[in-house]
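What follows is calculated from the coordinates using simple rules that are stated; it is not laboratory data. Note that the structure is predicted; figures quoted are calculated from it, not measured. Backbone-built Cβ (ideal geometry, glycine too); neighbour counts: all protein chains shown.
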Amino acid sequence: MNLIGKVLKDRYQIVLQLGKGGMSTVYLAKDLTLDSYWAIKRIDKRSSIDLEVFKKEVELLASLNHPDVPRIVDRIENSRYYFVCMDFIDGISLGKKVKVEGAQNEKDVVRWAKLLTDILEYLHDARENPIVYRDMKPDNIMLTQNGRVKLIDFGIAKECIRGEKESGPKVGTRGYAAPEQYKGGCLDERTDIYSLGITIFHLITGIQPTGSTDQVNSIREINPKISEGLEYIIKKCVKEDPVERYQNCRELREDLNKIDTLNKAYNKKINKKLIAFMIVCILFILSLVSVFIGNYGMKKNAIDSYYTALSNGIEYERNNNTDLAKEEYKKAIEYKPSELEPYLKLFYLLLPYDNNDYIDKTKYAIDTIKQYIDNEYSPIKDNGKLLYVISQKCIEVNDPIYSGYANDYIRIIKDSKEYKEGDISKSELKTLGIIALNKSRDIGTQDFQELNNALLELESYTSNATAISIEDKLNNYNTIINIYNTYPDKLENSYRKIFDLGSKAKEIIDMSSQGEELKFNSILTMYETVASNLYNWALCTEDIDSKREILNNTKLWFQYLDDLNDELSQGMILKKGNVYKALFDTYNIPEENNDIDEEVLGYINTAANIYEDGLSKYPSNFQIAMGLTQSYIDIEFAKSNSTKRNFTKIKEAYEKVLNIKGESKEISNSALSQFSALKKRMELLGIEG
């Protein structure tokens, strides 16, 4: 039965066939309601598959909620077929990747292994008894476009009772399956760890595993470049006896994180240090009293040094000497690594204050603090407040990998002292978790209705909560604004929401400016986002009166930016000029011509001034030059007396446009389309052609 083009449940339109197996066929389907894409697996009831067992497996998968595990979003059944609608994963299987490219880079393999341990740990801890995946292999691991790995095909995954021997059919892929899967042993976390070890072996060597331990034991003979640390990890994963393997994924991840230390040279160095340490211990016992006194002095010195570094950092920051401030905050962290304040000071200092390279600079700030957080020995790694602040920014940068970090951090926050003591709102964190989970997925698999509801909940909480700081309130509004800005066509009333939230935030900022200094440092970026989106909203609005109202609000927000002495980027200068020109254009139409008065003429003159100023700063900007030319034309043709029209400025501006076009090789198709319209207008004036 050909399903291409057919619509299931009046919602899912089958687009193409992705694959076919003995008992099922997988299709790509477009969700006509959410305008997103899903994978739909069709099972023929007449096949040999045990449908009731399969349905139980589907319900097991449907109960899971992890960004790297495909969601089951719908089930459809008729007399002949059973359909399962799940996340569509746009990527390549690691099995196919290693088949085409051969052995993979160790750095990539270790990174994938860490991500896979996170997935397995979730499965093993999701219920009282572990959900054992039972079929880990490269073919069942998808590498997405954004670099994350996702586990697919949960066909034989099963919740296994601890200590209970497996009595059903022997399942699992030969070469990857743990010995107990075929010997009727007890299955648990260690079963998947064995298969993960074999999977790592396959990825790092490019060799198909046979199930022989001799093959794994000779791994560094196959490729001497493989580190001793990775060799050690693989061999421990695939021990015949589960007792000798890693006992859980946490243990495995700990070794993956310190892989550079798992080698003979390091152990030799440690042994030397141990001998030296024993000598020191003897000396320590002999000089206990003096050491005690000295320790007290050192502690006092460290505390004094901490406060000195922190004070210096604050003073340097106040004087806009950011480089020295960073160094002092880093020193403060070294002196007292358990104190939250220097981490926050350093993080806020690293964050950008405008939209120039905003994403890259924000990622750099996150990555800098992430080095401290991800250090397993750091006393700050479980600090709920710090993780919460970082999570917000991870969500804000609109990168699924960073949203994945946020999702991981939110799980840690739930176990933190700050969360348990009520310093972090449970409802707020829950909502932020939904947002992070959605944004960690590819756009085709995001649940925009769920995301929309989460944004409304976060907005409601932020607006109504009394026990929330001004900075946290502004950060929440800013996070919501950025998400609406990312998906204006996917979320409800995005443009209106950005304007309303921006207005709420500005009211708070204006009230706060009369008192103590705000710690919120995203004012410029927020105002630029609101102004930019108002302009985009105006472009989408057909009703003239509504368009004028929105443009006037846009003009107001650009004035707010002027009040902040904002040095606008090229794109924002162009939009600012376009706002005034668009206002003029709403009157410069046949039915409105009589309404062109001095105020309306002021709009086009202001537009010309903005373009002129922009072109003096950015002389090779093609679109600003075209805007200036268009505004000069409008100014001259707004003169009722044609004898007073002067085309000199128009010709000079148009000549500039032609020069830029001739010299630049990076003009977009959109800009060239605008040039075509300008060229026709110039031909009508008799200047072109």
*How far is the Cα center of region 670-687 from the Cα center of region 15-36, in Å?*
46
_Debye-sum result for region 432-515 in log10 I(q)/I(0), which assumes one identical scatterer on each alpha carbon, at q = 0.12, 0.18, 0.22 Å⁻¹_ = -0.36, -0.75, -1.05
*Compute the FRET efficiency between residue 652 and residue 486 as 1/(1 + (r/R0)^6), taking r as their Cβ-Cβ distance and R0 = 41 Å, and round to the nearest 0.05.*
0.50
*May I ask you to derive the relative contact order of region 398-520, considering only C-alpha pairs under 8 Å and at least 6 residues apart, and to give it as an integer percent?*
21
*Within straight cross-link reach of residue 414, meaning Cα distance under 17 Å, which lysines are found once same-chain residues fewer than 8 apart are removed?*
381, 385, 426, 430
*Determine the sum of side-chain charges near residue 324: Lys and Arg each +1, Asp and Glu each -1, restricted to other residues whose C-beta is under 14 angstrom from that of residue 324.*
0
*Using only Cα atoms, locate the centre of region 298-368 and the centre of region 211-254, then give the distance between them in Å, rounded to an integer.*
41
*What length, rounded to one decimal in nm, is gained on full extension from residue 613 through to residue 450, with 0.36 nm per residue of separation minus their alpha-carbon distance?*
54.2 nm
*Under unit Cβ charges (Lys, Arg +1; Asp, Glu -1), what dipole magnitude, rounded to 20 debye, does the chain have relative to its Cα centre?*
2520
*How high is the relative contact order of the chain, in percent, with contacts defined as C-alpha pairs under 8 Å that are six or more residues apart?*
7
*asked:* As a test of the definition: which semi-axes, in Å, follow for region 91-263 when you take the square root of five times each eigenvalue of its alpha carbon gyration tensor? Largest first, please.
replied: 23, 18, 16
_Run lengths n ≥ 4 of DSSP H only: what is the helix-derived mean residue ellipticity at 222 nm for the chain, with -39500 (n - 2.57) per run over all residues, to the nearest 500?_
-19000 deg cm²/dmol
_Which residues does the label zone of residue 598 cover in region 634-665, counting backbone N under 17 Å from a point 7 Å along Cα→Cβ?_
639-640
*In angstroms, what radius of gyration and Dmax does region 618-689 have, counting Cα atoms only?*
12.5, 41
_Full-extension gain between residue 562 and residue 62, please, as 0.36 nm times their residue separation minus the C-alpha to C-alpha distance._
174.8 nm
*What nm distance separates the two modelled labels at residue 376 and residue 338, each placed 7 Å from Cα along Cα→Cβ?*
2.1
*Normalised alpha carbon radius of gyration of region 568-685 [divisor 2.2 N^0.38 Å]*: 1.04
*Run the dipole for region 7-87 about the Cα centre, Lys and Arg Cβ at +1, Asp and Glu Cβ at -1, nothing else charged, and hand back the magnitude in debye, nearest 20.*
300
*Based on the Cβ-Cβ distance from residue 414 to residue 250, what FRET efficiency comes out when R0 is 25 Å, to the nearest 0.05?*
0.95
_Separation in nanometres of the label points that stand 7 Å from Cα toward Cβ, at residue 125 and residue 80_ = 4.7
*Which residue, chosen from 579, 546, 242, occupies the Cα position most advanced towards the positive end of the dipole of the chain, where the dipole is computed from +1 (Lys, Arg) and -1 (Asp, Glu) charges on Cβ about the Cα centre?*
242
_Pairwise FRET efficiency - residue 47 versus residue 221, Cβ, R0 = 41 Å, nearest 0.05_ = 0.35
*Could you let me know the centre-to-centre spacing of region 42-111 and region 486-514, using Cα atoms, in angstrom?*
39
